[in-house]
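Reading through the structure tokens given below for one structure.
Just so it is clear, none of the values below were taken in a lab; they were calculated from the coordinates. Note that the structure is predicted; figures quoted are calculated from it, not measured. Because the Cβ atoms are built from the backbone with ideal geometry, glycine has one as well, and the counts that use them run over all protein chains shown.
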Amino acid sequence: MRIISQATDTTFLLIQMRKHQGSEKAEYQNFLGHSSLNTGQLNAINLFEEPNFSEKHLDNYDGFFIGGFS
């Protein structure tokens, strides 16, 4: 079942906690495939690389996903 809007102006943020870039990229691709979003609709942030993340980062998104941890 696909529950994500197909509107092209809908944007989501994938919040990741991945130490390995290969895992980070694979997870992003999996979220793209399962959500039916395109790369323009799904941005990602890795908390290991962006330690100053705050709720203000979410202001420009329609929703967010929480990825795995490694």
Open item on the list: Condition check: among the hydrophobic types (A, V, I, L, M, F, W, C) and surrounded by fewer than 13 Cβ atoms within 10 Å (Cβ to Cβ). Does Ile45 satisfy that?
Closed with: no
- [ ] Would you point out the residue of the stretch 5-42, among those that are basic (Lys, Arg) and in a loop (DSSP other than H, G, I, E, B), that is surrounded by the most Cβ atoms within 10 Å (Cβ to Cβ)?
- [x] Arg18
